[in-house]
Amino acid sequence: MVKDRMVELLQEHFELNLYEARAYVALVGFGVLTPAELASVSEVPAPRTYDVLRSLEKKGFAISQPGKVNKYRPVHPENILEKFIEEWQERVKEELEAKKKAKEELIELMRPLIETEIPKYGVERVWVVRGIKNATLKTKEMLEGVKDKILLADDGYIAINLEKDLLRAVDNGAKAKIIVSKPLLRRLEDSKIMEYARNGKLELRTLDKFDLPMLICDDEVFFALEDMAARYFNYETQVWIKDFRVKDLFEAKFNEYWEKAEKV
């Protein structure tokens, strides 16, 4: 119904509650109403009409005419709705400026925390990440932060799902060596990764299989624990480690794979 739509719009966009919206629509329709008359022509309960009309007056949607029984008439919709929008724009502008200032102050206060690794990674340098969504977020974070070197031995996850992040890191100056399994290589035939490999922007090799897929970004290592059931249900357990000694061990394993792998 048209009346219901008017009430809905007033609630959704002009900060009136249900009874206020119903009362205002009734005032616009009937022109002038007493609280008792409002109760008889609208769905505002009689015990609430006085409070509702006073609230409309306070918000600028109605004007009262004092007397033995107060009467109320609506402020013309074009006037009050336009005024509401103008005030809302000013309020939003002020809130936006306040949020910008709060952001700047927070960044300044947090700068000592941002510039040290301890708060970012905690005292521990080992994290367990479960589930494909969380693993994706962590992998993206690694690729965003890498500065020098990416070593990826991939059997079907990162190269397909995070191609843009991987190549963005290469564009930003990281040197990348990628080993993919033979089945994955077929899926990458028309990919940007192949294009980058052909143009010498990254090194790409393939291996029949390897038992330890991994991603190394500078001193960070990310790998999955073997659990076929968890992988089937997209709840595989991934381990992230930031330690140069662990990185050296994984890099040595990667280099073993690299020597065995075929050039693409």
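Taking into account only those residues within region 124-143 that are of a type in the set (Val, Ile, Thr) and open to solvent by 30 Å² or more (accessible area, probe 1.4 Å), which is nearest to residue 221 (Cα to Cα)?
Initially, region 124-143 is screened for residues of a type in the set (Val, Ile, Thr), giving 126, 128-129, 132, 136, 139.
This time we only want the ones that are open to solvent by 30 Å² or more (accessible area, probe 1.4 Å), so: 126, 128, 132, 136.
On the way: 126: 10, 128: 12, 132: 17, 136: 14 Å.
Among those residues, the one meeting the criterion is 126.
Are any residues in region 146-180 part of a loop (DSSP other than H, G, I, E, B) and either without any contact (Cβ under 8 Å) to a residue 60 or more places away in the chain or more than 23 Å from the chain's Cα centre (by Cα) (or both), and if so, which ones?
Applying the first criterion (part of a loop (DSSP other than H, G, I, E, B)) to region 146-180 yields 146-148, 155-157, 162, 172-174.
Once the filter is applied, which keeps residues that are part of a loop (DSSP other than H, G, I, E, B) and either without any contact (Cβ under 8 Å) to a residue 60 or more places away in the chain or more than 23 Å from the chain's Cα centre (by Cα) (or both), region 146-180 yields 147, 148, 155, 156, 157, 162, 172, 173, 174.
Which condition from (1) in a helix (DSSP H, G or I); (2) open to solvent by less than 100 Å² (accessible area, probe 1.4 Å); (3) without any contact (Cβ under 8 Å) to a residue 12 or more places away in the chain; (4) of a type outside the set (Asp, Glu) is the one that residue 64 breaks?
(1)
Listed here are the residues, each with its yes/no results for (1) open to solvent by 30 Å² or more (accessible area, probe 1.4 Å); (2) farther than 19 Å from residue 132 by Cα; (3) of a type in the set (Val, Ile, Thr).
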| position | (1), (2), (3) |
| --- | --- |
| 168 | yes, yes, no |
| 184 | no, no, no |
| 206 | no, yes, yes |
| 209 | yes, yes, no |
| 215 | no, no, no |
| 244 | yes, yes, no |
| 252 | yes, yes, no |
| 260 | yes, yes, no |
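From the residues in region 1-27 that are buried (at least 16 other Cβ atoms within 10 Å of the Cβ) and touching a residue at least 24 places away in the same chain (Cβ under 8 Å), which one is nearest to the chain's Cα centre (by Cα)?
Per the criteria, the residue is 14.
Can you find a residue in region 103-113 that is within 30 Å of residue 225 (Cβ to Cβ), in a helix (DSSP H, G or I), modelled with pLDDT under 85 and not aromatic (Phe, Trp, Tyr)?
No - not one qualifying residue is present in region 103-113.
The values are calculated or read from the model by the stated rules, or taken from the named source; none is laboratory data. All values derive from a computational prediction rather than experimental measurement. Please note: Cβ atoms are built from the backbone with ideal geometry, for glycine as well, and neighbour counts cover all protein chains shown. Accessible surface is based on the protein model in full, side chains and every heavy atom, while ligands, DNA and RNA are left aside. Shrake-Rupley method; radii C 1.70, N 1.55, O 1.52, S 1.80 Å.
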